[in-house]
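The numbers here are math on the coordinates, done by the rules we state, and not lab data. Predicted model, so just to flag it, every value in this text is computed and none were measured. Every residue, glycine among them, receives a Cβ derived from its backbone with ideal geometry; neighbour counts consider all protein chains shown.
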Amino acid sequence: MANAIYDTISMDIDAGEYNFKSNGQKLKFKGFMSLYVEEKDAESGKELPLLEVGEEAKKEKIEPKQSFTEPPPRYTEASLVKTLEENGIGRPSTYSPTITTILERRYIEKEQKQLVPTELGKVVNDLLINSFSDIVNVDFTAEIEEEFDGIAEGKKEWKNILRTFYKPFEQELKKAQEELEHVELQEEVSDVQCEKCGRMMVIKYGRYGKFLACPGYPECKNAKPLIETIDEPCPKCGGKIQVRKSKKGRKFYICENNPDKNCDYISWNKPKKDNEKK
């Protein structure tokens, strides 16, 4: 049977210097709900009356409730794709390559399914916004997507679109190249001492993630993997749990004794403390 269709309603009520907001829905077409409605479906969402702009709303009661502003949750891959869709940015075929690219270039990292910007990502983002504010914004990206669709459908001439875009962009690019200084990220100093020259090793990024390197390069070329561990011991043998990444960048957890000392613990999920398990 056909899906039910709802009208989504957003309401703003002005009362002197205050503004009240409410969101709800109104059933437009019952569809399958003509025959079958689950209790949770019947209770989900509140129905708001249809009001006209400027109509006076009658107050029945006011229930004050205190709430504290919380930072918005970080994007996951799913919520990022949803936001791109809502803003008309990209197409289904470009969502996965976009996320893969910013992960590979270390602009973001995955932490418990959340996409967290790295220091490099923040620096690059600030530089782009300051130098190309007309281009690095949601409206421009959505608009250019529509232009591409017009080209694909044969309704627009691609040369004209490129010409209109590139002339002002060329000037902005030239200006940015002249004004931007070479940006270097501050190296993070570790607590590991170089066994060859005694300097404190720094954390660097390579093709396969972070590693330790001596800051005395090229005099001292000492380098070694950076092994991240967690506080929770191995649930099988009590050894340290190391955090590693798969070839696709996904974190997994493995015992330091796997496999040399006959412990086979390895998991995608972070081990939980005993009190968390209970």
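Rounded to the nearest 500, the 222 nm mean residue ellipticity of the chain from helices alone is -9000 deg cm²/dmol, with -39,500 (n - 2.57) taken per DSSP H run of at least 4 residues. Relative to the current alpha-carbon distance between Val189 and Leu35, full extension at 0.36 nm per residue lengthens the span by 48.8 nm. In terms of surrounding Cβ atoms within a 10 Å radius of their Cβ, Tyr166, Tyr36 rank from fewest to most as Tyr36, Tyr166.
Phi-derived couplings, Karplus 6.51 cos²θ - 1.76 cosθ + 1.60 at θ = phi - 60°, listed residue by residue for region 121-138: x, 5, 5, 4, 4, 5, 5, 5, 5, 5, 9, 9, 5, 6, 9, 7, 7, 5 Hz, with x used for Gly and Pro.
Evaluate E = 1/(1 + (r/R0)^6) for Phe20 and Asp260, where r is the Cβ-Cβ distance and R0 equals 51 Å; express this FRET efficiency to the nearest 0.05. For Phe20 and Asp260, the calculated efficiency is 0.20. With a ≥ b ≥ c the root eigenvalues of the C-alpha gyration tensor of the chain, is it rounded (a/c under 1.5), prolate (a/b larger than b/c) or oblate? Oblate is the answer for the chain, as a/c is 1.5 or above yet b/c matches or exceeds a/b. Annotation: amide H of Cys197 has no partner in the under-5 Å range at sequence separation 5 or more or interchain, hydrogens built in the peptide plane. Each peptide among 93-99, 238-244 gets the average number of other Cβ atoms lying within 10 Å of its residues, and from highest to lowest they stand as 238-244, 93-99. Taking 30 Å as the cut-off for C-alpha to C-alpha distance, list the pairs among Lys30/Lys156; Lys28/Lys58; Lys175/Lys245; Lys30/Lys155; Lys82/Lys270 that go past it. Correct reply: Lys30/Lys156; Lys175/Lys245; Lys30/Lys155. With the charge dipole of region 40-178 set up from +1 on Lys and Arg Cβ and -1 on Asp and Glu Cβ about the Cα centre, the Cα lying farthest toward the positive end among the listed residues Ser93, Leu80, Asn130 is that of Asn130.
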